[in-house]
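*Asks:* Quick one: structure below, then a few questions.
The values are calculated or read from the model by the stated rules, or taken from the named source; none is laboratory data. Everything quoted here is computed from the prediction, not taken from an experiment. Virtual Cβ from ideal backbone geometry, glycine too; neighbours counted across all protein chains shown. Just so you know, the surface numbers come from the protein's heavy atoms only, side chains and all, with ligands and any DNA or RNA stripped out. Shrake-Rupley method; radii C 1.70, N 1.55, O 1.52, S 1.80 Å.
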Amino acid sequence: MAKIIDGKAYAEGLRARIGKAVKTLQAEHGLTPGLAVVLVGEDPASKVYVANKAKQTVEVGMNSWEYKLPATTSESELLALVEKLNKDPAVHGILVQLPLPKQIESAKVLNTIDPAKDVDGFHVVNAGRLSTGQDSLVPCTPVGSVMLAKDVLGKLDGLEAVVIGRSNIVGKPVAQLLLQENCTVTIAHSRTRDLPGVVRRADLVIAAVGRPEMVKGDWLKPGACVIDVGINRIERDGKGKLVGDCDFASCEKVAGSITPVPGGVGPMTIACLLHNTVRAACQQKGIPVPQM
Ligand code: NDP
């Protein structure tokens, strides 16, 4: 049976280290990192994410600002707010919660955020820096996924890694990070032929598909490490349930290690957002980034 990778515990440890780093920055440099989160509209899942982000930001001792705008907000109004936050020296990180209402072009908004404050790592400048191996702010879920894989496997050097999914938010950045870790990376997607055959080559599988329980145990190489990024809400036995992109019951019998859903990659995302905010604050002030 696979080792269950406890993302919740790892994220708690990371948040505790971030809290310590924030205290040191306040004592030694008078710097309190600050994160502004912007929510447009009433999407229930987004409201929960934004509330959790604000709560955890405060818990590690950082400044938090929440901007809640109506669903009717125009693109120019949102861009004006982003410009204002770009200029505010107390705000070191800006996050605009996705998805945005349809009258607003997401790419335009994301690319208006100052790349130095782009703690989600979605700005083209940060995506470009990541893909050319330069220092950048990296999307949070991919960073968290790779942290968990490294925690359980140690060095990833030379491993065969298969990423399922090629979104700009998860699949592509996670593949770039694995390349930096010297994995041999395959990116699979909806047009991939013989996906089970491709997945069977992998020492490390990262599933970011958005299809409940798609990856089965008999697709896996015995002993593979499985990082399941998927969060899918399904109905089972008349009850709502969260499941990943991997069929946990069959995968845990074959894998060497596996993240559960919930409690795997999910909790890492906000912890990595806080990590990025501390980093962004230090870089903006010319202070060395503390070990976290
Ligand atoms: P997208 O919908 O943007 O991308 C899904 C990817 O999966 C696409 O590249 C698509 O291929 C590929 N795909 C779809 N169907 C198949 C298939 N049958 N076989 C192979 N590949 C397929 O999703 P995201 O990347 O945004 O999110 C992926 C999952 O991760 C979701 O469940 C989401 O909820 C979860 N997630 C979790 C986060 C967290 O833990 N905090 C954060 C972000 C996402 P193609 O490009 O060809 O269409």
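*Asks:* Can you give me the C-alpha center-to-center distance between segment 106-169 and segment 29-53, rounded to a whole angstrom?
*Replies:* When both Cα centres are located, 20 Å separates them.
*Asks:* Note the angle between two axes, namely the Cα long axis of helix 75-87 and the longest principal axis of the Cα atoms of the chain, as a number of degrees from 0 to 90, rounded to the nearest 10.
*Replies:* Around 70 degrees separate the two axes.
*Asks:* Let me ask another. Can you give me the accessible area per residue for the chain, using a 1.4 Å probe, in Å²? Before the final figure, lay out the partial values.
*Replies:* Values: 13550 Å² over 292 residues.
The answer is 46 Å² per residue.
*Asks:* Quick check: net charge around Pro101, other residues with Cβ under 11 Å of its Cβ, Lys/Arg +1 and Asp/Glu -1?
*Replies:* Details: positive: Lys102; negative: Glu42, Asp43, Glu75, Glu105.
Value of the local net charge: -3.
*Asks:* Stretched out fully, how many nm does the piece from Arg211 to Ala45 gain, at 0.36 nm a residue minus the Cα gap?
*Replies:* Details: separation 166, 0.36 × 166 = 59.76 nm, distance 1.78 nm.
Full-extension gain reported as 58.0 nm.
*Asks:* Can you find, among Thr277, Val162, Thr32, the residue farthest towards the positive end of the dipole of the chain? Put +1 on the C-beta of Lys and Arg, -1 on that of Asp and Glu.
*Replies:* The residue sitting farthest along the positive end of the dipole is Val162.
*Asks:* Would you please give the FRET efficiency between Val58 and Glu83, computed as 1/(1 + (r/R0)^6) with r the Cβ-Cβ distance and R0 = 30 Å, to the nearest 0.05?
*Replies:* Details: r = 25 Å, r/R0 = 0.85.
That pair, Val58 with Glu83, gives E of 0.75.
*Asks:* What per residue convex hull volume, in Å³, comes out for the chain when only alpha-carbon positions are used?
*Replies:* On the way: hull volume 38.7 nm³, N = 292.
Convex hull of Cα atoms, per residue: 132 Å³.
*Asks:* For the modelled label position 7 Å from the Cα of Ala90 along Cα-to-Cβ, which residues of segment 21-65 have backbone nitrogen atoms closer than 14 Å?
*Replies:* Residues passing the 14 Å test: 31-37, 62-65.
*Asks:* If you count the DSSP beta bridges with both ends in the chain, what percent of them are antiparallel, to the nearest 5? Can you show the working numbers first?
*Replies:* Numbers: 5 of 35 bridges.
If I count the DSSP bridges inside the chain, around 15 percent turn out antiparallel.
*Asks:* Pulled fully out, how much extra length does the chain show between Ile4 and Leu153, if you take 0.36 nm times their separation in residues and subtract their Cα-Cα distance?
*Replies:* Details: separation 149, 0.36 × 149 = 53.64 nm, distance 1.28 nm.
Gain on stretching Ile4 to Leu153: 52.4 nm.
*Asks:* Another question, if that's okay. Given the protein chains as shown and a 1.4 Å probe, how many square angstrom of Lys8 are accessible, to the nearest 10?
*Replies:* So the heavy atoms of Lys8 present about 120 Å² to solvent.
*Asks:* Using modelled backbone amide H atoms (1.01 Å from N, in-plane), which distant-in-sequence or interchain residues come within less than 5 Å of Val96's amide H?
*Replies:* HN-HN under 5 Å from Val96: Val38.
*Asks:* Provide the per-residue ³J(HN,Hα) series for segment 273-284, in order, calculated from phi with Karplus coefficients 6.51, -1.76, 1.60 and θ = phi - 60°, each as a whole number of Hz, with x at glycine and proline positions.
*Replies:* Result, ordered by residue: 5, 5, 4, 4, 5, 4, 4, 4, 4, 5, 5, 5 Hz.
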